[in-house]
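Take this structure first; my questions come after.
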Amino acid sequence: MYGGDGKDRKTGVFDLRGKPIGGRNLFLALWYSLRGYVRIRAKGFSAERFMNMAAFRGVCLWDVTREGAGMTMKAAGGSLDILQACAEKTGCSIEVLGRGGLPVFFRRFRRRQVWTAGLLCFAAGLYLLSSFIWTVQVEGNERLTEEELLLACGEMGLKPGAWKRRVDTEAVTNGLLLQFSDISWVSVGVKGTDVTIKLAETIAKAERVDRETPCDIVASQDGVIVQITAERGTPKVQAGDVVKKGDILISSELLIGLEGEEQHTEYTAAEGAVTARIWQRLTEEMPLQYEEIRYSGVEKENHSLLFSEKELDIIHPDGEGEWEKTVLSEQPLALGDFTLPLRFKKEIWKEYEILEKTRTVDETKSILEENLRKKTENLLSNYGKIEEIKINFEEYADSVRAEAEVTLLERIEEKQKTEPKEKERENLNEF
């Protein structure tokens, strides 16, 4: 059954023939494990007879293992008296090796009241914290900004720190659909302490070009006309003319009729492109003395826990001097599908020192010239072009000042709605 050398062992739940037991007996073994069990060693040449007698008296035995002439096994905790009586009748001796099960587990807690109280407080605090919403994320928005969506959700009670049971996700869904006409579909999902708002925006409407309302093309800024192309309307300027901001470049008035005959005026939505030469003045000043950061190559990792807006450093690297911090990752902690209101942050610290340095005047002028050129390029529209840049430098004891006069070729047309003069006269006649 178990081997005669005393080395073969069988573990698990067995009957007296060494075969695994199941069904009702397996349930009893689990039941006694919860109620408490005792682990014993039966010594003697009648160990099998001892087990038969114990089983006959209703004692459930499991995890039976042969050890030489004896056996170790587990039995119900309240059956120790019956087992002792069986051992005496079969000429065996039993030794209690240990006890286990839930009663033993709970008895340990009674001896450690402070630890038990701390565990209960931790569990209660974890349950309390998991009852709030800590993060709200928005997915699928393109035209709508995340800020305006979160503000609207906050007004409906969905925001970080809100009690989960008081948040009506269906009401938030309907509220967003009513408040934002650009949303065609929205879903509000709650997972642990996180809320994810997924939405789909409507197809953007094509921009409508009004070709019927009369309007003039006027100058958006001062300049000298270089080229004018009128698609509709009457040009009022030509190349070389100086214009001021607001001057009419292409009029909406059209004279209809042949020369020598009576003509009348009609109005249209003026269209065209007007390129002008414009001037901009830019200035920038730079000190000769400056600070430069030099990294030493020493790097350290920092790990911390984030709870709401508070941060608890777990592994805080020691070190003096200046350190540049870069966040490598920030992940929420979770137990399975349950997200905890905690985030784990990992940073990399790079040691550096600040050096005081001095530029030459020529180096400073070169940097200023490059900066002014970049600023000029940022001023250009898609149709703009740099024609000329003139830079004058002024040197001081500790700095250099640059003043640039920039000549650009830019389109300066913009539309301005006009009222036909005939209607103006009709309005005057009414008075």
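The values are calculated or read from the model by the stated rules, or taken from the named source; none is laboratory data. Since the structure is predicted, the reported quantities are computational estimates derived from the model, not experimental observations. Glycine also receives a Cβ, built like all others from the backbone with ideal geometry; neighbour counts cover every protein chain displayed. SASA here: full protein model, heavy atoms, side chains in, ligands and nucleic acids out. Shrake-Rupley method; radii C 1.70, N 1.55, O 1.52, S 1.80 Å.
Looking at (1) modelled with pLDDT of 90 or more; (2) assigned to a strand (DSSP E or B); (3) open to solvent by 80 Å² or more (accessible area, probe 1.4 Å); (4) among the polar types (S, T, N, Q), which is the only condition THR407 fails?
(3)
Still on this model: Determine, yes or no, whether ARG66 is modelled with pLDDT of 85 or more and of a type outside the set (A, V, I, L, M, F, W, C). Spell out the reasoning first.
Working: modelled with pLDDT of 85 or more: no; of a type outside the set (A, V, I, L, M, F, W, C): yes.
In short, no.
With the structure loaded, tell me whether VAL274 is in contact with a strand residue (DSSP E or B) (Cβ under 9 Å, 6 or more places away or on another chain), surrounded by 13 or more Cβ atoms within 10 Å (Cβ to Cβ) and at negative phi or whether it fails that test. If you could, list the steps in order and put the result at the bottom.
Working: in contact with a strand residue (DSSP E or B) (Cβ under 9 Å, 6 or more places away or on another chain): yes; surrounded by 13 or more Cβ atoms within 10 Å (Cβ to Cβ): yes; at negative phi: yes.
Yes: the conditions hold for VAL274.
Out of ARG99, ARG165, ARG107, which single residue is open to solvent by 60 Å² or more (accessible area, probe 1.4 Å), in contact (Cβ under 8 Å) with a residue 40 or more places away in the chain and either more than 30 Å from THR65 (Cβ to Cβ) or outside any loop (DSSP other than H, G, I, E, B) (or both)? Lay out the reasoning, then the answer.
Values: ARG165 fails: in contact (Cβ under 8 Å) with a residue 40 or more places away in the chain; ARG107 fails: in contact (Cβ under 8 Å) with a residue 40 or more places away in the chain.
Only one candidate passes the filter, namely ARG99.
For LEU129, which of the numbered conditions (1) within 21 Å of ARG41 (Cα to Cα); (2) open to solvent by less than 60 Å² (accessible area, probe 1.4 Å); (3) out of contact with any Gly (no Cβ under 9 Å at 6 or more places or on another chain) fails to hold?
LEU129 satisfies every listed condition except (1).
Which pairs turn up if I take residues in the stretch 287-312 that are more than 16 Å from THR326 (Cβ to Cβ) and of a type in the set (Ser, Thr, Tyr) and look for partners that are open to solvent by less than 60 Å² (accessible area, probe 1.4 Å) and at pLDDT 85 or above with beta carbon separation below 7 Å, at least 6 apart in sequence or on another chain?
If the second residue must be open to solvent by less than 60 Å² (accessible area, probe 1.4 Å) and at pLDDT 85 or above, the pairs left are TYR290/ARG359.
OK, next. Within the stretch 256-267, is even one residue of a type in the set (A, V, I, L, M), part of a loop (DSSP other than H, G, I, E, B), surrounded by 15 or more Cβ atoms within 10 Å (Cβ to Cβ) and over 47 Å from the mean Cα position of the chain (by Cα)? Explain how you work it out, then say what you get.
Step one: filter the stretch 256-267 for residues of a type in the set (A, V, I, L, M), giving 256, 258.
Still in the running and part of a loop (DSSP other than H, G, I, E, B): 258.
Narrowing the set further to residues that are surrounded by 15 or more Cβ atoms within 10 Å (Cβ to Cβ) leaves none.
Among the residues of the stretch 256-267, not one is of a type in the set (A, V, I, L, M), part of a loop (DSSP other than H, G, I, E, B), surrounded by 15 or more Cβ atoms within 10 Å (Cβ to Cβ) and over 47 Å from the mean Cα position of the chain (by Cα), which makes the answer no.
Conditions first: (1) open to solvent by 90 Å² or more (accessible area, probe 1.4 Å); (2) modelled with pLDDT of 75 or more; (3) within 25 Å of ARG107 (Cβ to Cβ). LYS74 passes all but one, so which condition is the exception?
So LYS74 meets the others, but not (1).
So CYS92 clears everything in (1) farther than 18 Å from TYR37 by Cα; (2) in contact with an Asp or Glu (Cβ under 7 Å, 6 or more places away or on another chain); (3) of a type outside the set (S, T, N, Q) except one condition, right? Which one?
Of the numbered conditions (1) farther than 18 Å from TYR37 by Cα; (2) in contact with an Asp or Glu (Cβ under 7 Å, 6 or more places away or on another chain); (3) of a type outside the set (S, T, N, Q), the odd one out for CYS92 is (2).
Quick check, is VAL59 part of a loop (DSSP other than H, G, I, E, B), closer than 30 Å to GLY44 by Cβ and either touching a residue at least 60 places away in the same chain (Cβ under 8 Å) or open to solvent by less than 20 Å² (accessible area, probe 1.4 Å) (or both)? Lay out the reasoning, then the answer.
Numbers: part of a loop (DSSP other than H, G, I, E, B): yes; closer than 30 Å to GLY44 by Cβ: yes; either touching a residue at least 60 places away in the same chain (Cβ under 8 Å) or open to solvent by less than 20 Å² (accessible area, probe 1.4 Å) (or both): yes.
Here the answer is yes, as VAL59 does meet what is asked.
Looking at (1) modelled with pLDDT under 80; (2) of a type in the set (D, E, K, R); (3) under 47 Å from the mean Cα position of the chain (by Cα), find the lone condition where ARG294 falls short.
(1)
Mind listing whichever residues of the stretch 378-403 are open to solvent by 100 Å² or more (accessible area, probe 1.4 Å), touching a strand residue (DSSP E or B) at 6+ places or on another chain (Cβ under 7 Å) and either of a type in the set (A, V, I, L, M, F, W, C) or more than 15 Å from MET286 (Cα to Cα) (or both)?
TYR383, LYS385, LYS390
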